[in-house]
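Everything below concerns the one structure shown next.
The values are calculated or read from the model by the stated rules, or taken from the named source; none is laboratory data. Keep in mind that what you see is a predicted model, and the values were worked out from it rather than measured. Ideal geometry is used to build each Cβ from the backbone, glycine not excepted, and the neighbour counts take in all protein chains shown.
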Amino acid sequence: MAGPYTPERDTPEKAIPKRLSRATLMGMTAAARYPDLGDRKTMAQGIKAQDADLVTGSLAPVTYKPVSVCGVDLKLEPLSPALGTVIHGIDLDQDLDQVGIVEFLRALWLERRVIMFRDQQHLSRDGLIRFARCFGELGAHHGERDHVPSGPQTPQDYPDVLQIRSEENHPNAASEWHSDATWSSRPPMGSVLICREAPPVGGDTNFCDGYGLWQGVHRATKERIKALKAVHVGQPHHAMDGHLPKAIHPVARTHPETGRTVLFVNRVFTRQFADEHDLSEAETQNLLQELFANIGRPEVTCRFRWRQGSVAMWDNRAVQHCATADFWPHRRLMERVTILDSDVAQRTPYFTG
Ligand SMILES: [Fe+2]
């Protein structure tokens, strides 16, 4: 059953529009790079030719801190001051049994919000699942197993592995800031993403620090929103039995492990505040815009460039993330698993004040 990862072919052609829509970020950036307004095939060829010229070699200026953890020598590369560390020198297939390694990774993950690894292309789907299980309970595509949206993309025999695929005829990238599945009453604690195929350049994932977002809220607003709950609504592809999933969460969330406060609203799923607060539409929109204002600012983000075999594990309670939709027409294939907190009581977001 377990086997090495093998590349897959493009999805079958359905009805594909002749022109790439400029209304999407993917189309917008592609049109800016190839402004001759050709059909999508011509545009694709033109952009691929540009990229062949952009990328002909590689070098990597990297700064890091060396550490030795239980006999394993690691190099920790910070992606930004606020968050994100790439851990070099570990094999996620071989080194997890070393005493103390998982504890070290968990502590660093909590401190840096998101940790990354390079050169793990040998990691099978079983290996990916084994890694995720070191940190909690393996979740379904969107976390809790009671939510099964219709039409999930599932590799055969691996129902919990979500494939996120983009290719020339089916561009796809989650290019707006969000935390995963906050429309669920118990969103996943974390997510692990591995890159199976990467574009030569572009398609980076960005992460935004939820603690920093909380710190950036105006003092008076902080006091106001400590008592507020917000409504999070899923998108059509999250629907189950014809209904969009919906959940109500505190706007200020206490991180169950660090005890720190996170601003827990996002532009994709947070629609309004709970009915009990009786806010008008104008008040709702004004407050949401104020709370969203710092999401994605460079000072509270880091950016991770994928290569084949790169892995990222983020704390879904502490960060938001956003893909960069700038890589069409290249293929990008990612696989994701979610992790649920082993302590069921900690899965439901709460605020302790
Ligand atoms: Fe996501």
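Is there a residue in region 253-260 that is among the basic types (Lys, Arg), closer than 27 Å to Arg125 by Cβ and surrounded by 14 or more Cβ atoms within 10 Å (Cβ to Cβ)? No, region 253-260 contains no residue that is among the basic types (Lys, Arg), closer than 27 Å to Arg125 by Cβ and surrounded by 14 or more Cβ atoms within 10 Å (Cβ to Cβ).
Total residues in region 17-48 satisfying the condition of being modelled with pLDDT of 80 or more, surrounded by 11 or more Cβ atoms within 10 Å (Cβ to Cβ) and either within 14 Å of Asn169 (Cβ to Cβ) or out of contact with any helix residue (DSSP H, G or I) (no Cβ under 6 Å at 6 or more places or on another chain) (or both): the figure is 20.
Need at least 2 residues that are touching a Ser or Thr at 6+ places or on another chain (Cβ under 8 Å) and aromatic (Phe, Trp, Tyr) per element, so show me which helices (runs of 4 or more DSSP H) inside region 117-228 make the cut, counting only ones lying wholly within it.
It comes to 210-215.
Checking each residue in region 336-353 for being surrounded by 22 or more Cβ atoms within 10 Å (Cβ to Cβ) and outside any loop (DSSP other than H, G, I, E, B) picks out Val337, Thr338, Ile339, Leu340. Of all residues in region 168-181, those that are buried (at least 24 other Cβ atoms within 10 Å of the Cβ) and either more than 14 Å from the ligand (Cβ to nearest atom) or of a type in the set (A, V, I, L, M) (or both) total 1.
Residues checked against (1) away from the ligand (no atom under 14 Å from the Cβ); (2) in the same structural domain as Ala274 (by TED's automatic domain parsing); (3) touching a Phe, Trp or Tyr at 6+ places or on another chain (Cβ under 8 Å):
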residue	(1), (2), (3)
Arg113	yes, yes, yes
Asp126	yes, yes, no
Ala140	yes, yes, no
Gly143	no, yes, no
Asp157	yes, yes, no
Gln163	no, yes, no
Ser166	no, yes, yes
Trp183	no, yes, yes
Pro187	no, yes, no
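Exactly one residue among Gln285, Gln272 is more than 16 Å from the ligand (Cβ to nearest atom) and without any contact (Cβ under 8 Å) to a residue 40 or more places away in the chain, and that residue is Gln285.
Here Leu96, Leu74, Leu59 are screened, and the one residue that is more than 29 Å from Trp214 (Cα to Cα) and loosely packed, with under 11 Cβ neighbours inside 10 Å is Leu59.
Where residues in region 297-331 are away from the ligand (no atom under 14 Å from the Cβ) and assigned to a strand (DSSP E or B), which of them is farthest from Gly210 (Cα to Cα)? That would be Val311.
Kindly check whether there is at least one residue in region 220-228 that is buried (at least 22 other Cβ atoms within 10 Å of the Cβ), away from the ligand (no atom under 16 Å from the Cβ) and not hydrophobic (A, V, I, L, M, F, W, C). No, there is no match, as no residue in region 220-228 is buried (at least 22 other Cβ atoms within 10 Å of the Cβ), away from the ligand (no atom under 16 Å from the Cβ) and not hydrophobic (A, V, I, L, M, F, W, C).
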